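What follows is one structure encoded as structure tokens, with my remarks underneath.
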Amino acid sequence: MIELFKNLREMKTILYGNSEAEPVPEACSQLTQEFFNENTLRLLVHCLPKLNLEARKDATQVVANLQRQQVQSKLIASDYLEKNLDLMDILVSSYENPEMALHYGAMLRECIRHQIVAKYVLESPHMKKFFDYIQLPNFDIAADAAATFKELMTRHKSTVAEFLSNNYEWFFDEYNSKLLESSNYITRRQAVKLLGDMLLDRSNAAVMTRYVSSRDNLRILMNLMRESSKSIQIEAFHVFKLFAANQKKPAEIIGILVANRSKLLRLLGDLKIDKEDEQFEADKAQVMKEIAALEPKE
């Protein structure tokens, strides 16, 4: 074990350098090739629970660095993981193991930098588990799972757009009920912020149009805008404005906006952010104008 810990520390020094020396590109390149040729990642992932805390940290940093190392301008890690995607099953499931979750979670986030890996995780049965992991009672593990979930839902635009189109129903049912309507303030705040990031991304335009045509979604966002938390109100507004700006609003959406017109205009009128923001004020004025001008459809 002592020999193993020493080797892990040496690998970390080769990849990151130390106080006396910068990393040497040739050494990094050679280490990367040998690491993946010898199937060392699989061994490290399986043996990580047997290591002590310091060695686990070193191993996690080594794995993180190797994901970015190029050999002859190729990311060897991506090719290796494509043939060893089952390792992701171990990394994702680790959120159920408090002792290992943060180490494996950090490795997982580095691995999903590769599109092939993100696609595998998104399309796996594990994806549904994230809605529970994000609400685990252990704050650090829940936060780590939330960071991984955000990375999965934002990094690879085309893969995410395809995933959301193919899994729209169950994904947003879970997202709305478990995250946006969670009893946990932090979960709600992160979820409404991420929802805005996803829907405002151009590659998710079709998903956004579908989302803002649902009266249930509108009801949830209107409730979030009435929260006492300023930051949740503001993030909810950034999603709500998409409902208001939709030029092809279904009749039921118009009906809800018209029925709640005076409350909404009052709420929006009182909505202020701490620092001056011209774009926010312009968006708000435009939304209020849209709502004020709405006519119910016969």
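Looking at this structure, is Leu179 under 19 Å from Asp283 (Cα atoms), outside the structural domain of Met107 (by the TED database) and either in contact (Cβ under 8 Å) with a residue 60 or more places away in the chain or under 14 Å from the mean Cα position of the chain (by Cα) (or both)? Don't jump to the end; show me each part of the working.
On the way: under 19 Å from Asp283 (Cα atoms): no; outside the structural domain of Met107 (by the TED database): yes; either in contact (Cβ under 8 Å) with a residue 60 or more places away in the chain or under 14 Å from the mean Cα position of the chain (by Cα) (or both): yes.
Answer is no for this residue.
Could you tell me whether region 160-170 includes any residue that is β-branched (Val, Ile, Thr) and within 15 Å of the chain's Cα centre (by Cα)?
Scanning region 160-170 turns up at least one residue that is β-branched (Val, Ile, Thr) and within 15 Å of the chain's Cα centre (by Cα).
Residue pairs, Cβ under 7 Å, 6 or more apart or interchain, first in region 13-26 and closer than 16 Å to Arg68 by Cβ, second among the hydroxyl-bearing types (Ser, Thr, Tyr). List them.
Going by the 7 Å Cβ cut-off, the qualifying pairs are Pro23/Tyr16.
Of Phe163, Phe172, which residue is touching a Leu at 6+ places or on another chain (Cβ under 7 Å), in contact (Cβ under 8 Å) with a residue 40 or more places away in the chain and over 15 Å from Leu108 (Cα atoms)?
Phe163
Can you run down the residue pairs with Cβ atoms below 8 Å, 6 or more apart or on separate chains, where the first is in region 223-241 and at negative phi and the partner is open to solvent by 40 Å² or more (accessible area, probe 1.4 Å) and β-branched (Val, Ile, Thr)?
Lys230/Ile273; Ile234/Ile273
Out of Glu151, Glu123, I need the residue that is touching a Phe, Trp or Tyr at 6+ places or on another chain (Cβ under 8 Å), among the charged types (D, E, K, R) and open to solvent by 10 Å² or more (accessible area, probe 1.4 Å). Which one?
Values: Glu151 fails: touching a Phe, Trp or Tyr at 6+ places or on another chain (Cβ under 8 Å).
Exactly one of Glu151, Glu123 is touching a Phe, Trp or Tyr at 6+ places or on another chain (Cβ under 8 Å), among the charged types (D, E, K, R) and open to solvent by 10 Å² or more (accessible area, probe 1.4 Å), namely Glu123.
Please verify whether Gln190 is in a loop (DSSP other than H, G, I, E, B), open to solvent by 20 Å² or more (accessible area, probe 1.4 Å), of a type outside the set (Val, Ile, Thr) and within 20 Å of Ala101 (Cβ to Cβ), treating the condition exactly as stated.
Details: in a loop (DSSP other than H, G, I, E, B): no; open to solvent by 20 Å² or more (accessible area, probe 1.4 Å): yes; of a type outside the set (Val, Ile, Thr): yes; within 20 Å of Ala101 (Cβ to Cβ): yes.
When the stated conditions are applied, Gln190 does not pass them.
For region 104-115, does any single residue satisfy the condition of being farther than 27 Å from Lys50 by Cα and at pLDDT 95 or above? Walk me through it before giving the result.
Residues of region 104-115 farther than 27 Å from Lys50 by Cα: 114-115.
Next, only the ones that are at pLDDT 95 or above stay: 114-115.
Scanning region 104-115, I find at least one residue that is farther than 27 Å from Lys50 by Cα and at pLDDT 95 or above, so the answer is yes.
Give region 92-103 a look and list any residue that's open to solvent by less than 10 Å² (accessible area, probe 1.4 Å) and not β-branched (Val, Ile, Thr), or say none.
Correct list: Ser94, Tyr95, Met100, Ala101.
Residue-by-condition table, conditions (1) outside any helix (DSSP H, G or I); (2) open to solvent by 30 Å² or more (accessible area, probe 1.4 Å):
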| position | (1), (2) |
| --- | --- |
| Ala147 | no, yes |
| Glu162 | no, yes |
| Ser182 | yes, no |
| Ile220 | no, no |
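Please go through region 266-284 and pick out each residue that is over 23 Å from Ser229 (Cβ atoms) and open to solvent by less than 100 Å² (accessible area, probe 1.4 Å).
Within region 266-284, just Ala282 meets the criteria.
What's the number of the only condition in (1) farther than 25 Å from Glu3 by Cα; (2) in a helix (DSSP H, G or I); (3) not polar (S, T, N, Q) that Leu102 fails to meet?
(1)
Would you check which residues across region 88-146 are over 14 Å from the mean Cα position of the chain (by Cα), acidic (Asp, Glu) and more than 15 Å from Asn184 (Cβ to Cβ) and list them?
Answer for region 88-146, where residues must be over 14 Å from the mean Cα position of the chain (by Cα), acidic (Asp, Glu) and more than 15 Å from Asn184 (Cβ to Cβ): Asp89, Glu96, Glu99, Glu123.
The values are calculated or read from the model by the stated rules, or taken from the named source; none is laboratory data. Values in this document were obtained by computation on a predicted structure and should not be read as measured data. Cβ coordinates were reconstructed from backbone atoms using ideal geometry, including for glycine residues, and neighbour counts include every protein chain displayed. Keep in mind that these areas ignore ligands, DNA and RNA; they rest on the heavy atoms of the full protein, side chains included. Shrake-Rupley method; radii C 1.70, N 1.55, O 1.52, S 1.80 Å.
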